Amino acid sequence: MDIELSAEDRALQLEVRAFLREHAFVPGSDPQKWRTQWFAAAAAKGGWDVPKWPKQFGGPGWTPSQHYVWDKETAGYTLPLDSPFGLVMLAPILMAYGSKEQQQRFLPDIRARKVNWCQGYSEPGAGSDLAALKTRAVLSADGTHYVVNGTKIWTSYAHIADWIFCLTRTSDTGKRQQGITFLLFPMQQPGIEVKPIITLGGRHAVNMVHITDVKVPVENRVGTEGEGWTYAKGLLQHERTGIAGVSRSVVALAALKEKARGVKYGKGKLFDDAGFRAKVAAVEVDLMALEFTELRSLAAAAAGGGPGPESSILKLKGTEIQQRIQKLGVEAAGLYAAAWRKTAEPIAGGPGFARDSMENYLGGRAATIFGGASEVQRDVIWKNVLKNRG
Ligand SMILES: Cc1cc2nc3c(=O)[nH]c(=O)nc-3n(C[C@H](O)[C@H](O)[C@H](O)COP(=O)(O)OP(=O)(O)OC[C@H]3O[C@@H](n4cnc5c(N)ncnc54)[C@H](O)[C@@H]3O)c2cc1C
């Protein structure tokens, strides 16, 4: 699908293409050297190392359609943009609600990728119903610090994180959402214990984090005590839009077709099979429809609105499409995919992508849950879109 871009957006598209051709990852290049050079070149472009940041904080300050151009052009490349937790999730909260001191203290290190952040929202017993969270922060008598106790769960990359942004409960009175406070603290300190959780695909990405009597200075509180819910919630819609990964699915679908063209099937190739092609075509049609939904959401954002309920449609359909493509990848690998745990080597006679396809498929199941479970997104869509249509 191609949309009519304005002259400026088209100019940016050509500039991004030329930049990627020159600087994006080439297999075999020294990764460390490449990273440093890439960041220097991207920063010199006026903030392409922090593409989602506004101009006043050093980003390119792009319009929604320019972001679309960037996402689409970069989807097929390996870029050192690093973990989204600091860059995409915490940074906008600090820009909007953090003090000047907090912005000066944390944003440069996030931009330089010096500090890894993790997101401490979910708890055992507080996932979809996040306002049920119980991790408690008690203000000291002299008002200088909080003492935090509780357990966070599913904390992605907590095992390699330097800092955590954490939702804590500071009050039980009033609405549950009102007593939540947003705190920042280092992970490497006594009182923090990180336990790995190994997921279905055999990966270690998520963790349980026990927090015991951890002291957090009041200057590490973002905004006002009790208002943390408001800060955290606004960003969830952006998180959902990102998880949809529409441009990445376009690239993944093209890669799937390429794989199917190389797999032997009967007297020809798998991609010659009408049944397989029909499944690919069905995903392609849905993906095209989702691209239009993404464009509608960008148009609304360009007109001044934030991501609305369409971010739930994007998250729900986007993750379903990712999973359908992953499943077709397993189908293309056939029985060879089943041996994925037994050996790191491709099985003789099988396609080289068999192991990856199974790992991606199993790992990809989590997308139904993270960033807001599918059932919850369906509820949001019903309440905000379908209900009013009668
Ligand atoms: C791979 C992965 C990474 C994650 N990373 C992080 C992270 O870095 N930081 C973090 O804070 N959290 C993280 N999470 C947690 C994630 O946000 C939660 O798993 C999610 O919010 C769902 O919560 P839950 O697991 O407690 O499930 P629950 O909320 O208990 O849901 C269980 C089931 O009940 C359904 N359900 C719940 N409520 C309703 C309802 N009202 N109506 C209909 N159905 C409902 C759900 O759809 C789901 O099927 C991660 C999760 C995963 C899987």
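The values are calculated or read from the model by the stated rules, or taken from the named source; none is laboratory data. Computed from a prediction, not measured in an experiment: that's the story for all the values here. Please note: Cβ atoms are built from the backbone with ideal geometry, for glycine as well, and neighbour counts cover all protein chains shown. For the accessible areas, the whole protein counts, side chains as well, though only heavy atoms, and no ligand, DNA or RNA atoms are used. Shrake-Rupley method; radii C 1.70, N 1.55, O 1.52, S 1.80 Å.
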Residue pairs qualifying under the 6 Å Cβ cut-off, at least six apart or on distinct chains, with the first in the range 73-100 being farther than 27 Å from D30 by Cβ and the second being open to solvent by 40 Å² or more (accessible area, probe 1.4 Å) and part of a helix (DSSP H, G or I), are M95/F57
Could you count how many residues in the range 24-35 are without any contact (Cβ under 8 Å) to a residue 24 or more places away in the chain and open to solvent by less than 90 Å² (accessible area, probe 1.4 Å)? 5
Just for the range 148-199: of the residues that are more than 22 Å from the chain's Cα centre (by Cα) and among the hydrophobic types (A, V, I, L, M, F, W, C), which one is surrounded by the fewest Cβ atoms within 10 Å (Cβ to Cβ)? I192
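Table: residues versus (1) within 23 Å of I93 (Cα to Cα); (2) in contact (Cβ under 8 Å) with a residue 12 or more places away in the chain; (3) part of a loop (DSSP other than H, G, I, E, B).
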residue: A141; (1), (2), (3): no, no, yes
residue: F165; (1), (2), (3): yes, yes, no
residue: F185; (1), (2), (3): yes, yes, no
residue: I197; (1), (2), (3): no, yes, no
residue: G202; (1), (2), (3): no, yes, yes
residue: T212; (1), (2), (3): no, yes, no
Cross-chain or 6+ apart pairs with Cβ under 6 Å, the range 248-271 first and within 27 Å of L290 (Cβ to Cβ), then open to solvent by less than 50 Å² (accessible area, probe 1.4 Å) and part of a loop (DSSP other than H, G, I, E, B): R248/A75; V251/A75; K259/F353; V263/P351; L270/V263
Among what's in the range 106-144 and is open to solvent by 70 Å² or more (accessible area, probe 1.4 Å) and more than 12 Å from the ligand (Cβ to nearest atom), pick the residue that is modelled with the lowest pLDDT. K114
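Test V214 against the criterion of being of a type in the set (V, I, T), more than 14 Å from the ligand (Cβ to nearest atom) and open to solvent by less than 20 Å² (accessible area, probe 1.4 Å), and give yes or no.
Details: of a type in the set (V, I, T): yes; more than 14 Å from the ligand (Cβ to nearest atom): yes; open to solvent by less than 20 Å² (accessible area, probe 1.4 Å): yes.
Yes; evaluated as a whole, the condition is true for this residue.
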From V148, V115, which residue is closer than 15 Å to Q189 by Cβ, touching a strand residue (DSSP E or B) at 6+ places or on another chain (Cβ under 9 Å) and touching a residue at least 60 places away in the same chain (Cβ under 8 Å)? V148
From (1) away from the ligand (no atom under 16 Å from the Cβ); (2) of a type in the set (D, E, K, R); (3) touching a Pro at 6+ places or on another chain (Cβ under 9 Å); (4) over 21 Å from A252 (Cα atoms), pick out the condition that doesn't hold for K383. (1)
Residue in the range 336-343 that is closer than 28 Å to D71 by Cα and not in a loop (DSSP other than H, G, I, E, B) present: no
Restricting attention to the range 49-76, which residues are aromatic (F, W, Y) and over 18 Å from the mean Cα position of the chain (by Cα)? F57, W62
Is there a residue being of a type in the set (A, V, I, L, M, F, W, C), under 15 Å from G242 (Cα atoms) and either within 16 Å of the ligand (Cβ to nearest atom) or crowded, with 21+ Cβ neighbours inside 10 Å (or both) anywhere in the range 299-314? yes
Please go through (1) under 30 Å from V206 (Cβ atoms); (2) modelled with pLDDT of 90 or more for G76 and return the number of the only condition it doesn't satisfy. (2)
Criterion: assigned to a helix (DSSP H, G or I), under 27 Å from A232 (Cβ atoms) and not polar (S, T, N, Q) - qualifying residue of L81, L90, L20: L90
Looking at the range 358-381, I want the residues that are at positive phi and have a partner that is among the charged types (D, E, K, R) and within 10 Å of the ligand (Cβ to nearest atom) with Cβ atoms under 9 Å, at least 6 apart or on another chain. Which pairs are those? G371/E239; G372/E239
Here's a check for you: in the range 73-105, which residue that is open to solvent by 60 Å² or more (accessible area, probe 1.4 Å) and among the acidic types (D, E) is farthest from the ligand (Cβ to nearest atom)? E101
